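The values are calculated or read from the model by the stated rules, or taken from the named source; none is laboratory data. Quantities reported herein were computed from a predicted structural model and do not represent experimental measurements. Cβ placement follows ideal geometry from the backbone for every residue including glycine, while neighbour counts extend to all protein chains displayed.
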């Protein structure tokens, strides 16, 4: 907008004047102080108060036909939520939540918000989910009003946290962008848990899980590193969620109160200025704590945190019984593909991919204790290793995965059954997540893991199903032949029961009963209710939480008839969340030619908004009939897609990931590699290199694991089939039991015929 040195450590006070058309609203960082209307002129001149001293990237102006809801905080800060008039009714929650989060942060940090007003603006088209411009935060409509549980709330809390972390105190240079984003992410978890009864522990746990997956790749990057590409290229899971995970680990080590005291000191010391990671560590080290570090002296946050910020990756902590008297704990880097090579500048880090690891451990039913696994030596825990069970990373506080010798895993699984209260929910969840993660790098056989899972389910004990579903999803993501998909679905249906939550999600594999039921729901709730010119948000006769499923499976059952209706509704719909639900239905359509036409519409941005392009590609890519379609479509229509999304690197990388990441053959790998070599602009996008690593890893996984798993599923089902026939032939079966067996027999016979081809 103005000539300037657009670097974060050049700060200035800004006075803004906007000349804009009559009938429009003008908004900027400062509070408006006056409007001048020239006689018989179609223009208005709006003036705004001077801003606090701030970086250039935070300057913002907005002009449009906007409306707003308004409230005031307890400290009398005016709070407005702006949007298009058609979307205004959706904004009230945003302003109510925002004012509460703002008040929470003022109390938490002991520093008042430095402007007399806070505006938030929802935009129909934006590359960014949110942008923290001081006093004028912008959001993408789809993100702030998302269906995803809590995600809209967390986005609002995140951007408001930036008013302190990022705006009041700003990173000195982009290599510490994680300091802005990691802090805002972590504080959004804290704020939502206090203001909206969100669960901070669950938020942190999920952040750790996401970051562990991203950081297991050789194409990851450290939190702090020299920026040599557009900054948006590293606005990723590592920057946001690994950053938040590291801060959560440090807060757990220091104690929440001590950590918060350090944060207050940091904000006070660097207000209106700039800071580096090292400045934060130095300030945190001024807070006295009783915590001992790995050397037995008082914990040095600086020495500890450096190891986690300047090198990529994380440790796999392995426990084994060294003898009958003690357990030995060692570390190695967890890497999903041991043969993948890092970018040269990250290949030989200062700490050699070793970490001082805080080991929160639980020995039998004793309280959780803390010990240190040092970079240069193993840790020994004294115990009767034959009788005792040792679990590390109890409550999943540390940023690492756990592994055990097979007997150690077996004893832990036994504890799930014999002593259900010994581990809390997060310890159990981490254990199940990590046992699948160990299998993913061949530290355990998948068949062993599945037998343990079957044992837990048969025992009817309560355990977290989420990580079990995720582990099974990981297996499913490596199965591409339709008959093998049916075999897998048959196995999980047997595992969880025909009506189980996970099994029912495989309705999309064409179970006739499910498709017929869904088609009927679509007929009654959509086709019969919504005439020409209707908006789905108003006319659909289904509860909101059922619509996504109804649109999707309705399209699977009714084909082009449902597709045409969805497209008709999309042409009229103005509510962003409803549009997103309608777009998700493309994941169920079976007509590849129609799906191709839909991709063409999205690539040319016809009928779909900019922010919806990636959603269309994502929905179609998740369709089991369309993986080859989207893969080839991106490579064959690259020039159109690149031109359409040029300058929107976050969105472009997401489309690349969506289209190519399911590649699973050498031919797929070679196509991507040759494409990158032939297109200079593709070589400059980080996602292509990540995709090559992911495809190579999938090829290796399929080679190592797929056939043994398919054989295991087949054997498991054959045994189940024989047991069912035996039960049916039992003369003592009652009428109801006989009917159940007959239904199961017919269903299993149909499924097995599909599998046999």
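Among 585, 603, 536, 562, which is the only one that is surrounded by 23 or more Cβ atoms within 10 Å (Cβ to Cβ), within 25 Å of the chain's Cα centre (by Cα), in contact (Cβ under 8 Å) with a residue 40 or more places away in the chain and not assigned by TED's automatic domain parsing to the domain that holds residue 141?
603
Name every residue in the stretch 280-302 that is assigned to a helix (DSSP H, G or I) and either touching a helix residue (DSSP H, G or I) at 6+ places or on another chain (Cβ under 6 Å) or in contact (Cβ under 8 Å) with a residue 40 or more places away in the chain (or both), in order of residue number.
Selection gives 280, 281, 283, 284, 301, 302.
Examine the stretch 198-220 for a residue that is more than 30 Å from residue 432 (Cβ to Cβ) and not in a helix (DSSP H, G or I), and state whether such a residue exists.
For the stretch 198-220, residues more than 30 Å from residue 432 (Cβ to Cβ) and not in a helix (DSSP H, G or I): absent.
Of these, 323, 337, which one is within 24 Å of residue 435 (Cα to Cα), under 27 Å from the mean Cα position of the chain (by Cα) and outside any strand (DSSP E or B)?
337
Just to be sure, is residue 177 at negative phi and either buried (at least 17 other Cβ atoms within 10 Å of the Cβ) or in contact with a strand residue (DSSP E or B) (Cβ under 8 Å, 6 or more places away or on another chain) (or both)?
yes
Can you tell me which condition residue 40 does not meet? The list is (1) assigned to a loop (DSSP other than H, G, I, E, B); (2) closer than 21 Å to residue 156 by Cβ, and all the others hold.
In the conditions (1) assigned to a loop (DSSP other than H, G, I, E, B); (2) closer than 21 Å to residue 156 by Cβ, residue 40 misses (2) alone.
Which one of 210, 193 is free of Cβ contacts under 8 Å to residues at least 60 places away in the same chain, more than 15 Å from the chain's Cα centre (by Cα), closer than 20 Å to residue 158 by Cα and surrounded by fewer than 23 Cβ atoms within 10 Å (Cβ to Cβ)?
It is 193.
Working only within the stretch 303-312, note down all residues that are surrounded by 20 or more Cβ atoms within 10 Å (Cβ to Cβ) and assigned to a loop (DSSP other than H, G, I, E, B).
311, 312
Could you please give the count of residues in the stretch 354-382 that are out of contact with any strand residue (DSSP E or B) (no Cβ under 7 Å at 6 or more places or on another chain) and touching a residue at least 60 places away in the same chain (Cβ under 8 Å)?
Going through the stretch 354-382 one residue at a time, the tally reaches 2.
Are there any pairs, at least 6 apart or on different chains, whose C-beta atoms fall under 6 Å, with the first in the stretch 325-353 and assigned by TED's automatic domain parsing to the domain that holds residue 434 and the second part of a helix (DSSP H, G or I), and if so, which?
336/697; 337/697; 340/693; 351/307
Restrict the check to the stretch 648-655 and report whether at least one residue is outside any helix (DSSP H, G or I) and not assigned by TED's automatic domain parsing to the domain that holds residue 448.
The initial filter retains those residues of the stretch 648-655 that are outside any helix (DSSP H, G or I), namely 648.
Checking the rest, the ones that are also not assigned by TED's automatic domain parsing to the domain that holds residue 448 come to 648.
Within the stretch 648-655, one or more residues are outside any helix (DSSP H, G or I) and not assigned by TED's automatic domain parsing to the domain that holds residue 448.
Check 463, 436 and return the single one that is closer than 26 Å to residue 207 by Cα, out of contact with any strand residue (DSSP E or B) (no Cβ under 9 Å at 6 or more places or on another chain), at pLDDT 90 or above and buried (at least 17 other Cβ atoms within 10 Å of the Cβ).
Residue meeting the stated conditions: 436.
Read through the list (1) surrounded by 17 or more Cβ atoms within 10 Å (Cβ to Cβ); (2) under 25 Å from the mean Cα position of the chain (by Cα), then give the number of the only condition that residue 93 fails.
(1)
Considering only residues that are under 13 Å from residue 165 (Cβ atoms) and either under 25 Å from the mean Cα position of the chain (by Cα) or not assigned by TED's automatic domain parsing to the domain that holds residue 136 (or both), which ones fall in the stretch 102-111?
Scanning the stretch 102-111 gives a single hit, 105.
Residues being farther than 19 Å from residue 431 by Cβ and in a loop (DSSP other than H, G, I, E, B): count how many of those fall in the stretch 340-371.
13
Residues checked against (1) in a helix (DSSP H, G or I); (2) without any contact (Cβ under 8 Å) to a residue 24 or more places away in the chain:
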{"residue": "384", "(1), (2)": "no, no"}
{"residue": "395", "(1), (2)": "no, no"}
{"residue": "398", "(1), (2)": "no, no"}
{"residue": "412", "(1), (2)": "yes, yes"}
{"residue": "416", "(1), (2)": "yes, no"}
{"residue": "423", "(1), (2)": "no, no"}
{"residue": "430", "(1), (2)": "yes, no"}
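Looking at the stretch 265-279 only, could you name the residues that are surrounded by fewer than 18 Cβ atoms within 10 Å (Cβ to Cβ) and either in contact (Cβ under 8 Å) with a residue 24 or more places away in the chain or part of a loop (DSSP other than H, G, I, E, B) (or both)?
Of everything in the stretch 265-279, those that are surrounded by fewer than 18 Cβ atoms within 10 Å (Cβ to Cβ) and either in contact (Cβ under 8 Å) with a residue 24 or more places away in the chain or part of a loop (DSSP other than H, G, I, E, B) (or both) turn out to be 268, 271, 272, 273, 276, 278.
Considering the stretch 677-702 alone, what residues qualify as being surrounded by 17 or more Cβ atoms within 10 Å (Cβ to Cβ), touching a helix residue (DSSP H, G or I) at 6+ places or on another chain (Cβ under 7 Å) and either assigned by TED's automatic domain parsing to the domain that holds residue 143 or within 19 Å of residue 234 (Cβ to Cβ) (or both)?
682, 685, 686, 687, 688, 691, 692 - these are the residues of the stretch 677-702 that are surrounded by 17 or more Cβ atoms within 10 Å (Cβ to Cβ), touching a helix residue (DSSP H, G or I) at 6+ places or on another chain (Cβ under 7 Å) and either assigned by TED's automatic domain parsing to the domain that holds residue 143 or within 19 Å of residue 234 (Cβ to Cβ) (or both).
Which one of 374, 387 is modelled with pLDDT under 95 and either under 23 Å from residue 427 (Cβ atoms) or surrounded by 13 or more Cβ atoms within 10 Å (Cβ to Cβ) (or both)?
Of 374, 387, the one residue that is modelled with pLDDT under 95 and either under 23 Å from residue 427 (Cβ atoms) or surrounded by 13 or more Cβ atoms within 10 Å (Cβ to Cβ) (or both) is 387.
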